[in-house]
Each structure stands twice: as C-alpha cells, then as structure tokens.
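Chemist: Right, I'll just put the structure down here and ask away after.
The values are calculated or read from the model by the stated rules, or taken from the named source; none is laboratory data. Note that the structure is a prediction, hence the values are computed from the model and not measured. Here the Cβ positions follow ideal geometry from the backbone for every residue, glycine too, while neighbour counts run over all protein chains shown. Accessible surface is based on the protein model in full, side chains and every heavy atom, while ligands, DNA and RNA are left aside. Shrake-Rupley method; radii C 1.70, N 1.55, O 1.52, S 1.80 Å.
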Amino acid sequence: MPGGSLLNSGGMADYGGGGGGGGLTFPVVVTCLMAASGGLIFGYDIGISGGVSEMESFLEKFFPGLLKGTAHASKDVYCIYNSQALTAFTSSLYAFGMVGTLVASRVTRRIGRQAVMLIGGSMFLVGALVNAAAVNIAMLIIGRMLLGLGLGFSGQATPVYLAEMSPPRWRGGFISGFPLFISVGYLIANLINYGTSRIPVWGWRLSLGLAAFPAAVMVAGAAFIPDTPSSLVLRGKHDLARAALQRVRGKGVDVDAEFNDILTAVEHDRRNDEGAFRRILRREYRPYLVMAIAFPVFLNLTGVAVTAFFSPILFRTVGFESDAALMGAVILGLMNIFGIVGSGFAMDRYGRRLLFMIGGALMFTCQVAMASIVGSQLGHGSKMAKGYAVTVLVMTCAFSASFSWSWGALYWAIPGEIYPVEVRSAGQGVAVALNLGLNFVQAQCFLAMLCCFKYGTFLFYASWLVVMTAFAVAFVPETKGVPLESMGHVFARHWYWGRFVKDHKFGDVST
C-alpha cells in the first residue's frame with residue numbers, strides 16, 4: 001500500500017526509508033535501470049580480458065614469448081598460459097578497483113551516490129580509450145588502473161543506489177538488475193571477441209576500446225537520474241530528498257510515512273557521529289561486518305571469477321580451438337543471463353535462502369564432475385577428446401547458470417539491502433573492496449594454481465561450496481519483502497545475530 005502504514009505478517013510497516021513503499025512506477029523503473037546499467041562495465045571487462053588474452057595479435061605485440069610457448073605441444077597443457085605478466089594485465093584492474101572502492105566509500109556520504117556513479121563511469125571511459133591506444137605494456141597497465149578506479153567507484157555506489165530507490169516488494173528484482181547487466185556485458189564482450197579475433201593486427205584494440213560504450217551509457221544515465229532520498233537527507237537537502245522520493249514513487253502517492261522513516265534513520269545516524277568505518281566495528285554492528293567480509297570471500301571461493309576471466313583459455317586447454325573456445329565463452333554468457341533472470345523472478349517470491357541451497361548443490365555437483373573428467377582425460381599432458389571437452393563445456397555452463405541463480409545475484413542483493421543507513425556506505429565499501437582485492441589475487445594466481453594443482457583446482461572450489469552453503473542457511477536471515485529501515489528487526493530475531501542486534505532504533509517489536 002503506497003505510503004501507508006499497513007503492517008505485514010512480521011509486524012513491520014510496509015514501508016521503509018529509501019527503498020520504501022510505493023508502486024512500481026515508470027520513473028522508478030527508468031531510474032533503477034539506468035543505474036543498473038553500470039553493471040555493463042563490470043561484465044564487459046570480465047569478458048573482454050579473457051578473450052583478448054588469448055588473441056594471437058595481442059599476444060604477439062605484448063607477450064611474444066608466451067605465444068611461442070603455446071606452439072610447443074610437449075608442454076604440460078595445464079601450464080601453457082602460466083604467465084605472471086599476462087595475468088597482471090587482468091589483475092591490475094582489480095587491485096585499483098579495491099582502492100577506488102575504499103575512496104568512494106569515504107566520499108559518497110559527502111557528494112552522494114549519483115555523483116560517485118558519474119565519476120566512476122568517467123574514469124572507466126578514459127581507461128578504455130587509453131587501453132585501445134596502448135603501444136606498450138606500461139600504457140596497457142595504466143589504462144587498466146583507470147578502469148579499476150572506475151569499477152571501484154561504480155561498484156560501491158550502484159547496488160546501494162538500487163536498494164535505496166526501489167520499493168521493498170520489488171527490491172530483489174531491481175538489485176538483480178545490476179548482476180543481470182554484468183551478465184549482459186559479459187555476453188556482449190564475448191560476442192565482440194568472437195568477431196574481432198578474425199581481424200588481424202588491431203582486432204584486440206577494437207575489443208578493448210568498445211569498453212568506452214557501456215561507460216558512456218553509465219555517464220549519460222548518472223547525469224540524468226536523481227540522487228537517493230536517503231543520501232540527500234544525509235547531506236541536509238530535505239526538500240530535494242522529498243522531491244526525489246515523490247518522483248520515483250509517482251505523483252499523488254502519499255510519501256509522508258516513508259519520508260519520516262528516512263528522517264528517523266538519518267537522525268539516528270547523526271546521533272552517532274563517529275565515522276562509519278569505526279562504527280561498523282562496534283558490537284551491535286557485528287552481523288553487518290561479518291556479512292561484508294563473508295559475502296565477497298565466499299563469492300570468490302565459488303571459483304566463478306576465474307572461470308569467467310579465463311574461460312576461453314580454459315576451453316583451449318581442454319581441447320577447443322580458438323574460435324570454438326570463444327564461442328564456448330559466448331554460451332557461458334547466455335547461461336549467466338538465464339540464471340540471473342530466473343533469480344530475479346524467484347528471490348522475491350520464494351526468498352533468498354532457497355536460492356542459496358539450490359545453487360550451492362548444483363555448483364558443487366558441477367565442480368566435482370569437471371574434476372573427474374579433467375583428471376581422467378587430461379592427466380598425461382595431452383588435450384582431451386572432443387566429446388569430453390564438450391562435456392566440460394556443458395558442466396561449466398551449468399555451473400555458471402547455478403552461480404548466477406544464487407551467489408551471482410544475491411551477492412549484490414543482500415549486502416546492498418541489509419546495512420543500516422549509518423554504516424551503509426562503509427559496509428558496501430568493505431564488501432566491494434574486498435571482492436575486488438580477492439579478484440586481483442585470484443586473477444594473478446589462477447593460472448599458476450591450475451598449473452600446480454591441475455584438476456585438483458576444481459575440488460578446491462567444490463569443498464568451499466559446502467562451507468558457504470552451510471553458512472548461508474545458518475547465518476543469512478531471510479530478507480524477502482522487508483523494508484530497508486526494518487532490517488534491524490530481522491537480525492534482532494535471528495537465532496544467533498539477536499545477541500548482537502537490538503531493536504534500539506524503532507523500539508522492540510513483538511513477534
């Protein structure tokens with residue numbers, strides 16, 4: 001009920017600050033979709049990096065020694081692409097993405113979510129152009145650094161923006177728009193790689209340069225969308241905050257109750273004037289700090305990041321030729337989209353925890369199956385038979401869809417919606433920075449890990465899937481349909497987190 005005070009079954013008002021009540025209006029759809037388009041730059045770079053890294057024209061210009069090594073059939077196929085310089089091309093972006101996230105989380109409270117997204121898109125745009133014009137490795141790395149800073153800024157602000165602008169009953173679907181755009185960007189990147197791989201000499205430049213397009217989309221979008229009501233109130237702009245809330249909820253909708261919730265949450269923030277990063281270390285915020293750390297750690301331990309980065313190389317390792325490997329990556333991108341779309345429909349109907357359980361079970365099965373096939377068919381230094389290679393492709397696609405259905409969507413949905421407003425920028429900053437830092441470590445180490453552990457790499461990730469699924473079931477509260485400013489009630493009633501979180505903000509609410 002828009003702007004109303006009707007209580008839901010949990011005894012909480014069906015409205016909440018920033019992501020409060022209100023119908024699914026055209027302005028909120030347009031606003032959230034333009035913000036979610038920032039995911040394109042994430043997905044495009046993930047897809048482009050792996051494809052460009054195995055283009056012969058790119059390797060010939062920047063890594064000629066590695067290109068000669070791939071021609072020696074006698075070399076262990078697990079180790080053909082093991083080059084720290086090559087992985088630095090991918091991983092340098094994520095190291096600077098971590099820096100960008102930490103900086104963005106410091107300034108977002110002063111300049112707003114919308115401004116941070118605008119800055120992030122602009123830096124990514126410049127980085128893409130530098131990469132396209134690169135004439136040496138140093139210039140290539142500088143471009144990647146700018147891309148990383150852009151990713152850090154946009155990744156810190158966009159999920160929080162979506163959580164604060166979308167109505168509670170649609171919030172899961174809107175936040176899943178961000179990973180959906182990541183998957184779309186990944187698919188587009190692999191389609192472009194498939195085409196540009198046929199262009200001799202400068203095809204890789206086109207692949208890298210086209211990253212400027214999604215960046216331009218984000219810059220254009222961020223220039224026209226309003227900032228969130230919560231962010232505007234935090235900066236004392238109450239009239240603009242109310243106008244922004246009215247705009248996204250629709251003309252004629254009573255937003256008084258929702259706006260009052262925002263004011264209450266912000267006033268609580270003002271009474272706690274210590275910094276958000278220091279505040280999140282306090283005992284009463286312990287669950288949010290744990291989630292900010294656990295989600296990016298577990299996300300990376302699914303193994304999906306390295307699969308996405310290096311899928312063309314992985315497919316070539318198991319026996320596909322260059323074109324077939326790139327087409328395999330395209331199929332992988334399609335499966336990502338199917339998983340994200342399914343998750344967007346399911347999470348607001350069946351809840352978050354069910355998605356964790358289904359996705360975890362399927363990903364574990366796929367990782368064990370891939371370890372079995374690769375271990376038995378690729379253990380003697382020769383490429384596997386085509387039939388087995390196709391099976392690995394199928395398992396990889398099933399794994400990718402299962403990931404997108406569960407951790408891929410929920411990583412952005414749950415952390416973006418659970419944090420109280422006073423630690424929201426810090427919590428999201430910690431989560432995104434840690435994720436990008438772990439992306440850097442994995443991107444830098446995966447090819448060496450594959451060379452050393454061989455098929456045991458898949459078993460390593462499979463074992464962690466058991467741990468993270470158990471954690472999600474036991475410690476992640478169900479947040480389906482809960483307004484943002486009522487999240488404290490959910491944690492206060494949790495069997496474990498209740499010993500840390502009390503309903504101090506709104507008073508005790510009986511169950």
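Chemist: Please compute the volume of the convex hull spanned by the alpha-carbon atoms of the range 148-228 and report it per residue in Å³. Walk me through the intermediate numbers first.
Modeler: Values: hull volume 7.4 nm³, N = 81.
Spread over its residues, the Cα hull of the range 148-228 gives 92 Å³ apiece.
Chemist: When ranked by the protection proxy of mean other Cβ atoms within 10 Å per residue, highest first, what sequence do the peptides 143-150, 109-116, 386-393 form? Let's see the in-between values first.
Modeler: Numbers: 143-150: 25.8, 109-116: 21.8, 386-393: 17.9.
Those peptides, ordered most packed to least, come out 143-150, 109-116, 386-393.
Chemist: Ranked highest first by the average count of other Cβ atoms within 10 Å around their residues, in what order do 202-211, 182-191 fall?
Modeler: Working: 202-211: 21.4, 182-191: 25.5.
Ranked from most to least packed, the peptides come out as 182-191, 202-211.
Chemist: Quick check: pseudo-label points 7 Å beyond the Cα along Cα→Cβ at residue 452 and residue 385, how many nm apart are they?
Modeler: 3.4 nm
Chemist: Let me ask something else. Considering only protein heavy atoms, what per residue accessible area in square angstrom results for the range 126-189 with a 1.4 angstrom probe?
Modeler: Values: 1540 Å² over 64 residues.
I get 24 Å² per residue for the range 126-189.
Chemist: Follow-up question, since we're still on this one. Could you tell me what a quarter of the Cα convex hull surface of the range 113-193 works out to, in nm² with one decimal place?
Modeler: On the way: hull surface 23.1 nm².
Its average projected convex-hull area is 5.8 nm².
Chemist: 5 Å is the cut-off here: which amide hydrogens, built 1.01 Å from N in the peptide plane, fall below it relative to residue 112, excluding neighbours closer than 5 in sequence?
Modeler: none
Chemist: In square angstrom, rounded to the nearest 10, how much accessible surface does residue 238 have for a 1.4 Å probe?
Modeler: About 80 Å², rounded to the nearest 10.
Chemist: Summarise the accessible area of the range 133-186 (1.4 Å probe, protein heavy atoms) by the percent that is carbon and sulfur. The partial results should precede the final answer.
Modeler: Values: 1040 of 1210 Å².
Carbon and sulfur atoms account for 86 percent of the accessible area of the range 133-186.
Chemist: I'd like the accessible area for residue 37: 1.4 Å probe, protein heavy atoms, all chains in place, Å² to the nearest 10.
Modeler: Around 10 Å² of this residue is reachable by solvent.
Chemist: Let me ask another. Excluding ligands, DNA and RNA, what is the solvent-accessible area per residue of the range 443-487 at a probe of 1.4 Å, expressed in Å²?
Modeler: Values: 1600 Å² over 45 residues.
Computed with neighbouring chains in place, this is 36 Å² per residue.
Chemist: List the equivalent ellipsoid semi-axes of the range 382-460 in whole Å, largest first, each obtained as the square root of 5λ for an eigenvalue λ of the Cα gyration tensor. Walk me through the intermediate numbers first.
Modeler: Numbers: eigenvalues 231, 61, 10 Å².
After scaling each eigenvalue by five and taking roots: 34, 17, 7 Å.
Chemist: While we're looking at this one, here's another question. Between Rg and the Kirkwood Rh of the range 157-300, both from Cα atoms, what is the Rg to Rh ratio?
Modeler: Numbers: Rg = 20.3 Å, Rh = 18.7 Å.
Radius of gyration over Kirkwood radius for the range 157-300 works out to 1.08.
Chemist: Related question: Show me 404-412, 279-287 ranked by packing, highest mean number of other Cβ atoms within 10 Å first.
Modeler: Numbers: 404-412: 27.4, 279-287: 17.1.
Top of the packing list down: 404-412, 279-287.
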